[in-house]
Amino acid sequence: MIELAITALTHAGEGIGRHAGRAIFVPFALPGETVRVEIVEEKKTFARARLVEIMIPSAERITPRCPHHFSLSGADKLQTACGGCQIQHLAYTAQLRFKRQVVIDQFTRVGGFAQPPVRPTLPSPAEFNYRNHVQFALTRSGEVGFRAANSHAIIPIRECHLPHPALAALFGHIQAEAGLDFDYLTLRTGADDDALVVFETAAEAPEVELDLPVSAALLRPDGSSFTVAGRDYVVAEVRGRLFRVSAGSFFQVNLPMTEQLVELVLAGLALQSGETVLDLYCGVGLFSAFMAPLAARVVGVETYAPAVSDAAVNLDEFENVEIYEAPAEEVLPGLDMRFEAVVLDPPRSGCAPEVIDALVRLRPARLIYVSCDPATLARDARRLAAGGYALDWVQPLDMFPQTHHVESVARFRPGTPQ
């Protein structure tokens, strides 16, 4: 047991203090707090600890809404806390400041930008019940749960305050037999609160009984899906447009923030009627659908076949859109056309070096990078800067309240880097 002054938060939302020359990482502790902790893991230059007592609390500490969030009275080890909401104990305005600082720190440390132009974080209209897509695991006894903090253990969940109300109502009705071979159980909802239950497994299809007006599908590891009941997709609505989203296709989880995201991308691109725009990692066609009426030509690139099928439906009305179904790093080096603007929304791992090299060669006048990981965004920004691109601005958006995750949009143009 040691007493510790917490001075900062890591990018994962853990408190940091120093003791005997080492950094001590303490989940659920906040800057400005004096705490008593127990060391649970020791390394040469740092240690991890569990929070035992808050001796002097932060003025920004609040009581978490969820009973599964960390509680001093109920947790004997850090692993007993649900790993879903890392910062639910932090006041929302402080969450927004924290996320902006995470982006600044990553652009400074990883990207090498001395004074990155990071704007204040845009808040989510809803701090809770915003997720239209929730993925659960199952315990051996068939209980629905989430992975524990810092562990592969599954914590059974009685209630969760992140799912959209339509999914929260459905969650309470799910029952599973013990021993079912599921990788995950996913719930999705779309327009008109229609719901889809997705069983993710490589095993045989389970027997399913549905007493609720929902659809159900089986999702295989290769991305193929099979309808169990109803249909294997939901329909989402963004800025008055409808998008088919299949069982395994990616789509933003917070629809009001997705509308703000689209507006940011369109404003940053500033498309003109005669221009050609490249939509990398285009998914089901979210950005292409709003760019097509503004541009002369839209070229999309997407590697996930079900998403390409969705995009074909979602973009069917446009004759000026074409999509390549292949990895971006394979398509881009062979593209022999001029693009005035590019939007890219890669996975958490960011872009392959070949993608950045190809973009530098294509040299679009405006490049909009949408990211769910500030570290890989900063890394790719450094590569773009080395290729002669200047960073105009970075706009964090709180797509994921109560968690340490942060969405960002960055705008680049040819010019003198910082």
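The values are calculated or read from the model by the stated rules, or taken from the named source; none is laboratory data. These numbers come from a predicted model, not from an experiment. As a convention, Cβ positions derive from the backbone with ideal geometry for all residues, glycine included, and neighbour counts pool all protein chains shown.
Filter segment 154-172 for residues that are in a loop (DSSP other than H, G, I, E, B) and surrounded by 15 or more Cβ atoms within 10 Å (Cβ to Cβ) and give the result.
Within segment 154-172, Ile157, Cys160, His161, Leu162, His164 meet the criteria.
Can you name the residue in segment 231-277 that is in contact with a helix residue (DSSP H, G or I) (Cβ under 8 Å, 6 or more places away or on another chain) and among the basic types (Lys, Arg) and, of all such residues, is farthest from Ala341 (Cα to Cα)?
Among those residues, the one meeting the criterion is Arg244.
Output the residues belonging to segment 296-326 that are without any contact (Cβ under 8 Å) to a residue 40 or more places away in the chain and of a type in the set (Gly, Ala, Ser).
Listed by number, the residues that qualify are Ala296, Gly300, Ala311, Ala312, Ala326.
Does Val343 satisfy being assigned by TED's automatic domain parsing to the domain that holds Arg363, touching a helix residue (DSSP H, G or I) at 6+ places or on another chain (Cβ under 6 Å) and within 18 Å of Met399 (Cα to Cα)?
When the stated conditions are applied, Val343 does not pass them.
Restricting attention to segment 12-33, does a residue exist that is closer than 21 Å to Cys82 by Cβ, out of contact with any Asp or Glu (no Cβ under 9 Å at 6 or more places or on another chain) and either surrounded by fewer than 16 Cβ atoms within 10 Å (Cβ to Cβ) or hydrophobic (A, V, I, L, M, F, W, C) (or both)?
Scanning segment 12-33, I find at least one residue that is closer than 21 Å to Cys82 by Cβ, out of contact with any Asp or Glu (no Cβ under 9 Å at 6 or more places or on another chain) and either surrounded by fewer than 16 Cβ atoms within 10 Å (Cβ to Cβ) or hydrophobic (A, V, I, L, M, F, W, C) (or both), so the answer is yes.
Considering only segment 298-339, how many residues are surrounded by 19 or more Cβ atoms within 10 Å (Cβ to Cβ) and either farther than 24 Å from Ser224 by Cβ or hydrophobic (A, V, I, L, M, F, W, C) (or both)?
13
For segment 55-65, state whether one or more residues are outside the structural domain of Ala378 (by TED's automatic domain parsing), surrounded by 16 or more Cβ atoms within 10 Å (Cβ to Cβ) and among the hydrophobic types (A, V, I, L, M, F, W, C).
Scanning segment 55-65, I find no residue that is outside the structural domain of Ala378 (by TED's automatic domain parsing), surrounded by 16 or more Cβ atoms within 10 Å (Cβ to Cβ) and among the hydrophobic types (A, V, I, L, M, F, W, C), so the answer is no.
Which members of segment 399-418 meet the condition of being within 13 Å of the chain's Cα centre (by Cα), within 17 Å of Asp105 (Cβ to Cβ) and not in a strand (DSSP E or B)?
His404, His405, Val406
Does any residue in segment 240-261 that is under 21 Å from Ala229 (Cα atoms) come within less than 8 Å, Cβ to Cβ, of a residue that is among the polar types (S, T, N, Q) six or more places away or on a different chain, and which pairs are these?
Listed pairs, sorted by first residue: Phe243/Asn314; Arg244/Asn314; Ser246/Ser225; Ser246/Ser309; Ala247/Thr186; Ala247/Ser225; Gly248/Ser225.
Select from segment 209-262 the residues that are outside any strand (DSSP E or B) and touching a Lys or Arg at 6+ places or on another chain (Cβ under 8 Å) and write down the one among them that is surrounded by the fewest Cβ atoms within 10 Å (Cβ to Cβ).
Result: Glu259.
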